[in-house]
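Okay, structure first, notes after.
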Amino acid sequence: MSTSVRAGVASSTQLSADAGGDILRAGGNAVDIAVAASLVAIATEPGVCAVGGGGYVTIWPTQGEPVTLDGNIEMPGRGVAPERLGGGTWDAVLEYGGGVTTKVGHGAIGTPGALAALALAAERYGRLPWSVLMEPVVDIARRGFPMSKASHTYLSFAHESVFGWQPESRRALHNADDRLYGIGETLLVEHMADSLEHLAREGVRDFYAGDIAALIARDCDANAGVLAARDLAEYEVIARRPLLNPFGPWRLATNPAPAVGGATLSAMLTLLEREPMTGWTGAEADRLARIMAAVLRHRFDYLDLADDPKAAVSALLEQAGKGAIATRNGSAATVNTAAADRDGLACTITMSAGYGAGVIPPGTGLWMNNCLGEVELNRRGLIAGPPGTRLASNMAPTVGRTNDGAVLAIGSPGADRITSALAQTLSNHVHLGMPLSEAIRHPRLHVELRGESERVAYERGLPADAFTLPSRECDPLSMYFGGVGAVRVGRDGHFQIGADERRRGGTAYG
């Protein structure tokens, strides 16, 4: 790629990547580009994410240390009668990902932080005004947007049980014949453009303490939800010091506690760094599977329900540093955007709305999360702690830097496959020397926890007969294995950009 390129972005869809490209041409830096692309992604990938979701922004400024802005979902319920907590939901059973049961309804909605995190990132680290960053998503919502492959894949399982019970949500996703819109067909969600335009003009504070906040709180109150006006008004993004990991020549910064995704990724990378992969032989693939099994089992047993997440993460990383995690022998919805520029600024944003609550508060056009009801991740249940408690998360937006000035931004959607997808891509790129695009496209594996046992899910093309764990084969480039996006800028200004074909991700640069 030409060294005249100033910045690049890899995002969940070409539509969101193109929005980042528009901001690049308007003079934005890597944070502006990533924020604008993320705004488009959370608004135009129904089922995959939502404006009423949460997430994280990890940034490595040109000067100074990296930071993670925690805009994840909070436990709501400020001022709500205690007997109301834990109500307002029912089970939705999906065949997605081999079978999932999740809770939907207004009682599953946690306090969303996505917009607050994006706005704070732009304010502190961007160049352009919020109103300019909102222009692409407002224009797209006004014109209508195509149903993406990733959205359609998930919604083909969830459009009835999750998104079909509320009239506003059902109308947005089904045509006049009550058929789910197909891939590429245009969705025009009532009130969405007006709400986004209002937020562009008034700022995101309106989502938390203005007209839109009032619509959200009123709808939750009328339908046995727990999210209250006080929860929205008192939500604050938290700036955290990321976990730092040496990996080859890189220092990688990723999501810290109380999230579990960054710790899980860090432990995998630490174990891989102790004995780097030399190739995708049967023995190496099996060793990688056993590393994943050990780390993911440790996460399940010790991190997910830890009373002191920071202490639990420190213990995990200490054990990984000593090689002391024993290896065994025998949401599902997220979007990601990565951007970097020639000034040395790197930014990765990962956002999630769980499986979706199936709720559009009337008059808003904005879907809400079901993260309280995402039972396989939020294992504490619908009462996840006192109001204000941050929920657990597998998200691990990661940025990196080398001593000679190269920068990297990388992340992935994919629930518990986020960390395994990132670990394999980074190992392919750093240890095996693959270009980013090849490292992302290479067949992947993931270890699934099944009660007290584990099973390797793998894409066709890996040496299946080598696994000592039980295994199942999947199609190549399966959406199940995440959707990595990455941008690398060398010290000479040379760019590498890769977006995952598994979710038809898009890139832009200029």
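The values are calculated or read from the model by the stated rules, or taken from the named source; none is laboratory data. Quick caveat, the model's predicted, so the values are computed rather than measured. Neighbour counts are summed over all protein chains in view; Cβ atoms, including those assigned to glycine, are modelled from backbone coordinates with ideal geometry. With ligands, DNA and RNA removed, areas are computed over all heavy atoms of the protein, side chains included. Shrake-Rupley method; radii C 1.70, N 1.55, O 1.52, S 1.80 Å.
The table that follows gives values for the structure above.
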item	result
Arg84, Arg127, reordered so the largest accessible area comes first (probe 1.4 Å)	Arg127, Arg84
3J(HN,Hα) from dihedral phi, segment 422-431, Karplus parametrisation 6.51/-1.76/1.60, rounded to Hz, x for glycine, proline	5, 4, 5, 5, 5, 5, 4, 6, 7, 7
Cut-off 15 Å between beta-carbons: net charge of the residues surrounding Arg170, Lys and Arg +1, Asp and Glu -1	-3
Largest-first ordering by accessible area, 1.4 Å probe, given options Tyr56, Tyr509, Tyr480, Tyr125	Tyr509, Tyr125, Tyr480, Tyr56
Correct choice for mean projected area of the Cα convex hull in nm² that was computed from the model, options (1) 20.6; (2) 25.6; (3) 23.7	(1)
Length-normalised contact order for segment 1-84 - Cα pairs under 8 Å, 6+ apart - percent	18 percent
Calculated from backbone phi, Karplus (6.51, -1.76, 1.60) coupling profile of segment 285-298 in Hz, x at Gly/Pro	5, 5, 4, 4, 4, 6, 4, 4, 4, 5, 5, 5, 5, 4
Residues Asp475 and Ser314, FRET efficiency given R0 of 45 Å [Cβ-Cβ distance, rounded to 0.05]	0.70
Karplus-derived 3J(HN,Hα), 6.51/-1.76/1.60, for each residue of segment 456-472, Hz, glycine and proline x	8, 9, 9, 7, 4, x, 8, x, 4, 6, 8, 6, 8, 8, x, 9, 9
Anisotropy class of segment 271-354 from Cα gyration tensor, a/c 1.5 cut	oblate
Glu190 accessible area, assembled protein chains, probe 1.4 Å, Å²	110 Å²
Asn223-Thr468 pseudo-label distance in nm [points 7 Å out on the Cα-to-Cβ vector]	5.1 nm
